[in-house]
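Reading through the structure tokens given below for one structure.
The values are calculated or read from the model by the stated rules, or taken from the named source; none is laboratory data. Since we're looking at a predicted model, the values are computed, not measured. Using ideal geometry, Cβ is built from the backbone for each residue, glycine included, and neighbour counts are taken over all protein chains shown. Remember, those area values only see protein heavy atoms, side chains included, never the ligands or the DNA or RNA. Shrake-Rupley method; radii C 1.70, N 1.55, O 1.52, S 1.80 Å.
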Amino acid sequence: MTAPRAVGAARSWLYVPATRPGLLDKAMAGDADAVVLDLEDSVPAGRKDEARAHAVEAVTATWPKPLWIRVNPVRTLEGRADLDALAGTPVQGLRLPKCESPEEIRAVLGRIDAPLHLLFETALGVERAFALATAAPQVALLSLGEADLAADLRVSDAGALDWARARLVNAARAAGLPGPVQSVWTDVADLDGLTADTRRAHAHGFFGRSVIHPRQIPPVNAAFTPRPEQVEDARRLLDSLRRAEDAGSAAWLDDRGRFVDPAVVARARWVLDLAG
């Protein structure tokens, strides 16, 4: 098994219902870069306490890759019960669904001091994206919850969410955070659609994707993994950087005749970081 990736470089985040602890072992042995134990949508109302007990047990164990917990919305009774159950445990990170206000973030951090992954699933949350992204140093990642957001906006065309996607990318980068993690692709059988949509998201500034089935992991990982020719191209560019620095140049033409400046160099370094 490869070494765990840093949070900002995790390509795939596999959801596992907290009511099915046997699946957690399989998820940790699989190819996802990170695992999210879910207390929210995948857990029936009558099994929330059972799910919490499993989550408390899970966060005290040692795992080979990051384990985050998605709690219920913290302004609800179920969300507050989640925080009560997890308080004092070694939580690696929390996903906060339907996040809308800094007060929610402060309420969480008053009980659990852990990295936070904010999920924007309402129009109000998207409007406040940058304010929430900078509400506390523990905020580590952002995502849209596209199904819930589409319902709140009363839209049925996936393209109608492009503005919200771009807003979240800008908010994340303005806050100094990694690119947002893309929302789940709900049609598990449509791997071609998943691949195309994930590549598009990557090209538009997202990095990483939540998945709901192991078969979705390989195409998602592939979409966020630099191709060999991209890695070689980045290495050649940085070689030209070293030559240019020796010559005292701040911008130059590389050996293929392409204009290179600091922005292009930064992109090349990001490619090599991902490849490494």
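Membrane-span-like helices in the chain, defined purely by DSSP H runs whose alpha carbon atoms cover 15 Å or more axially and whose average Kyte-Doolittle hydropathy reaches 0.5, are 262-275. Note on surface exposure: K26, K48 rank K26, K48 by accessible area, highest first, 1.4 Å probe. Each residue of region 44-161 gets 118 Å³ once the volume of the Cα convex hull is shared out per residue.
For the chain, adding -39500 (n - 2.57) for each run of n ≥ 4 DSSP H residues and dividing by the number of residues yields -13000 deg cm²/dmol at 222 nm. Per the Debye calculation on the chain with a single equal scatterer at every Cα and no solvent contribution, log₁₀ I(q)/I(0) for q = 0.08, 0.09 Å⁻¹ amounts to -0.36, -0.45. Of the trypsin sites (Lys or Arg not before Pro) in region 146-183, the ones in a loop by DSSP (not H, G, I, E or B) with at most 12 other beta carbons within 10 Å are R154. Once the Cβ-Cβ distance of A123 and A9 is raised to the sixth power relative to R0 = 35 Å, the FRET efficiency obtained is 0.70. Rolling a 1.4 Å probe across the protein heavy atoms gives the chain an accessible surface of 47 Å² per residue. Computed extension gain for E229 through E57, at 0.36 nm per residue and net of the alpha carbon distance, reaches 57.5 nm.
Here the label points at D49 and Q138, each 7 Å from Cα along the C-beta direction, are separated by 2.6 nm in the simple model. Can you send over the carbon and sulfur percentage of the accessible area for the chain, probe radius 1.4 Å, protein chains only? Summing carbon and sulfur atoms, their accessible area is 54 percent of the total for the chain. Debye calculation, C-alpha points only, no solvent: report log10 I(q)/I(0) for region 142-181 at q = 0.14, 0.18, 0.29 Å⁻¹, in the same order as the q values. Log10 of I(q)/I(0), two decimals: -0.31, -0.49, -0.94.
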